[in-house]
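Here is the structure we will look at, set down as structure tokens.
Quick note: the coordinates plus some simple rules give every number you see, no bench work behind them. Remember, it's a predicted structure, so these values are computed and weren't measured experimentally. Counting neighbours? That spans all protein chains shown, and the Cβs are built from the backbone with ideal geometry, glycine included.
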């Protein structure tokens with residue numbers, strides 16, 4: 001599978017003083033090397049060693065040609081030194097950032113590795129007479145090997161001194177799993193508010209077939225479907241622009257996908273080890289059966305509803321009459337239905353009620369209450385028999 005992700009590196013802090021010093025040093029060093037090279041070049045043209053006589057025919061160079069040769073070598077070497085100074089400056093900044101991001105244990109391992117490498121270099125070169133160039137190569141090699149060895153055992157390095165507190169173990173930061181959104185949860189729109197609260201972490205991935213389905217709905221001839229599809233596209237744009245979230249659209253290549261969209265989404269989640277965010281009950285069950293983690297928006301909404309216990313008081317507005325005689329119906333801010341006995345005559349008014357019982361249904365919670373002025377004369381039972389009869393009549 002191929003995912004297109006754009007990584008933007010933060011600009012590094014500029015150190016103008018260090019850059020200027022490196023530029024001056026390398027340019028001057030390059031000019032000195034160029035002057036030495038020009039002197040060797042002019043001396044070769046004048047003396048003409050036997051091994052160069054066949055290649056350097058003609059009269060000895062004039063003073064003007066010597067001066068031009070010196071100028072050419074010095075300028076070329078100075079420009080080379082300037083380019084090398086830019087490369088060295090970037091490498092120094094990268095090394096500085098790496099050191100700043102290291103923990104104390106990693107810095108200790110790096111320092112000990114350099115010390116061990118230099119000690120080994122001294123012990124080896126002290127017994128043998130070696131040229132400076134070979135000594136430098138041996139020192140670099142031994143320092144690299146020593147640093148690699150000490151970094152590999154950095155977890156075992158400790159500071160020991162009397163009364164030293166035990167060093168706590170560094171907690172492991174869990175990897176944030178990518179989140180896959182299905183079409184229903186995008187059109188629903190509540191995912192935008194959930195993302196605003198910061199409860200959704202990690203990158204959000206939108207497979208191409210989900211985006212195609214949204215586009216197909218947005219181009220539907222049905223005005224209602226067309227509005228829902230455009231709402232879903234607007235939700236994705238708001239998540240990317242307003243919230244600054246990492247919303248990536250990708251083509252799931254390299255996976256054998258089934259025909260149905262829900263099955264495709266489950267297959268992609270299994271391949272990526274991703275989490276599916278949905279409000280579809282059937283997709284939730286299918287994904288769980290196949291071992292895919294699912295975050296259901298409806299379950300989150302039900303979990304966030306306030307817990308109401310029998311005997312508590314609340315103030316609600318009676319909206320309409322209930323199914324039973326003299327019942328009134330009100331709604332809480334989260335949409336929970338409140339059935340109030342003897343409140344039909346109070347439609348449109350705000351009343352104080354006392355919770356008598358709470359009934360958990362498939363669609364959510366229902367609260368049965370009585371007017372506070374009447375008190376609680378006993379627990380009100382939900383009309384299960386009547387509701388069952390009504391369902392049978394609707395099926396018939």
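For residue 148 and residue 91, compute 0.36 nm times the residue count separating them, minus their Cα-Cα distance, and round to one decimal in nm.
Numbers: separation 57, 0.36 × 57 = 20.52 nm, distance 1.93 nm.
Using 0.36 nm per residue and subtracting the Cα-Cα distance, I get 18.6 nm.
So between residue 135 and residue 24, what do we pick up on full extension, going 0.36 nm a residue minus the alpha carbon distance? Mind showing how you got there, number by number?
Numbers: separation 111, 0.36 × 111 = 39.96 nm, distance 2.77 nm.
Length difference between fully extended and current span is 37.2 nm.
Could you tell me the calculated FRET efficiency between residue 285 and residue 374, based on Cβ-Cβ distance and R0 = 45 angstrom, to the nearest 0.05?
Numbers: r = 44 Å, r/R0 = 0.97.
Rounded to the nearest 0.05, the efficiency is 0.55.
Report the calculated FRET efficiency for residue 208 and residue 233 (r = Cβ-Cβ distance, R0 = 25 Å), to the nearest 0.05. Let's see the in-between values first.
Details: r = 14 Å, r/R0 = 0.56.
Approximately 0.95, to the nearest 0.05.
Going by a ≥ b ≥ c, the root eigenvalues of the Cα gyration tensor, does region 289-361 fall in the rounded group (a/c under 1.5), the prolate group (a/b larger than b/c) or the oblate group?
On the way: a/c = 2.72, a/b = 2.37, b/c = 1.15.
Prolate, since a/c reaches 1.5 and a/b exceeds b/c.
Taking the number of other C-beta atoms within 10 Å as the exposure measure, put 248, 370 in order starting with the fewest. Before the final figure, lay out each step's value.
Values: 248 15, 370 20.
Ascending number of Cβ neighbours within 10 Å: 248, 370.
Of all alpha-carbon pairs in region 209-294, indicate the percentage at a distance above 20 angstrom.
Working: 1659 of 3655 pairs.
Roughly 45 percent, once rounded to a whole number.
Given the C-alpha centroids of region 213-236 and region 88-106, what is the distance between them in whole angstrom?
50 Å
Kindly rank 300-307, 272-279 from highest to lowest mean number of other beta carbons found within 10 Å of each residue. Numbers along the way, then the final one.
On the way: 300-307: 11.5, 272-279: 19.9.
Going by the mean number of other Cβ atoms within 10 Å, highest first, we get 272-279, 300-307.
I need to check one value: relative contact order of region 179-303, counting alpha carbon pairs closer than 8 Å and at least 6 residues apart, in percent.
Values: 167 pairs, mean separation 37.1, N = 125.
Answer for region 179-303 is 30 percent.
Just want to confirm a number: the relative contact order over region 16-156, from Cα pairs under 8 angstrom separated by 6+ residues, in percent.
Details: 114 pairs, mean separation 39.0, N = 141.
This gives 28 percent for region 16-156.
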